[in-house]
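Presented below is the structure to which this report refers.
Just so you know, all these numbers are worked out from the coordinates, no wet-lab data involved. Just so it is clear, the structure is predicted and the values come from calculations on it, not from any experiment. Neighbour counts are summed over all protein chains in view; Cβ atoms, including those assigned to glycine, are modelled from backbone coordinates with ideal geometry.
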2 protein chains.
Amino acid sequence: MAYGIIGKLTAMQGERETLLAILLEAATSMEQEAGCEAYRVSVSLDDDAIVVYEVWASEAAHQQSLALPVTRRLIDQAKPILASVEQMVTFEPKGTY
Amino acid sequence: MAYGIIGKLTAMQGERETLLAILLEAATSMEQEAGCEAYRVSVSLDDDAIVVYEVWASEAAHQQSLALPVTRRLIDQAKPILASVEQMVTFEPKGTY
């Protein structure tokens, strides 16, 4: 079963562009992974958050991605500038995605 | 500027599959519109909601879609079985989408 997550990440003040660059690098890397169907990064128009929409072949594929060296490096880069991380919703895609 | 919305729609009890069918029909129609980059429909794994992730060429393109006969027909079909509609976030996509 395909598995999706929408997350909302907020950087510390003045760090949004740096966090955005890290997440766009994550998008490029993740979309090369066989189990990743989509990894789309957006900036919120409602507040300072960055929104990430991810679709994976399965929940296991998502879990495995967290252990990849590139993921661990990007998480290490993002951590010091993250103010908050919120998982908005997890979902099963229907139709095309 | 491209424009995105994530919405969460909840059907009245027993009507989720009907609402899902309406939204999947909307997805098929909207993705044929020139201004629509993505219209992805998912079922929440957290609650009974249906999640819609939309990306449009512009906010104006989104507004115009609401006036289309197909949109008006599908909204009319959905209204009687909708318990709630929540706009989770509006956004500007970055990178690929």
Percent relative contact order for chain B, counting Cα pairs under 8 Å at least six residues apart, stands at 47
Kyte-Doolittle at least 1.6, axis length at least 18 Å by Cα - qualifying DSSP helices, chain A: none
When Cβ neighbours within 10 Å are restricted to other protein chains, what is their mean count per residue of peptide A:44-51? 4
Using alpha carbon centroids, what distance separates the stretch B:43-58 and the stretch A:32-86, in Å? 18
How much length would be gained if the chain were fully extended between A:GLU86 and A:SER58, taking 0.36 nm per residue of separation minus their Cα-Cα distance, in nm to one decimal? 8.0 nm
Amide H proximity to B:LEU45 below 5 Å, modelled H, separation 5+ or other chain, gives A:THR90, A:PHE91, A:GLU92
Hey, quick one: spin label on A:ILE75, modelled 7 Å out along Cα-Cβ, who in the stretch A:21-53 has an amide N within reach, i.e. under 20 Å? A:21-41, A:50-53
Check B:ALA11: other-chain or 5+ apart residues with amide H under 5 Å from its amide H, H built from backbone geometry? B:ILE50, B:ALA83
How many nm is it between the label spots at A:MET12 and B:ALA34, if each spot is 7 Å from the Cα in line with the beta carbon? 4.8
Three-way shape call for the protein assembly as shown based on the alpha-carbon gyration tensor, with the a/c threshold at 1.5: prolate
D for the stretch B:7-97, whole µm²/s, Stokes-Einstein with Kirkwood Rh over alpha-carbon pairs at 25 °C and 0.890 mPa s: what number? 180
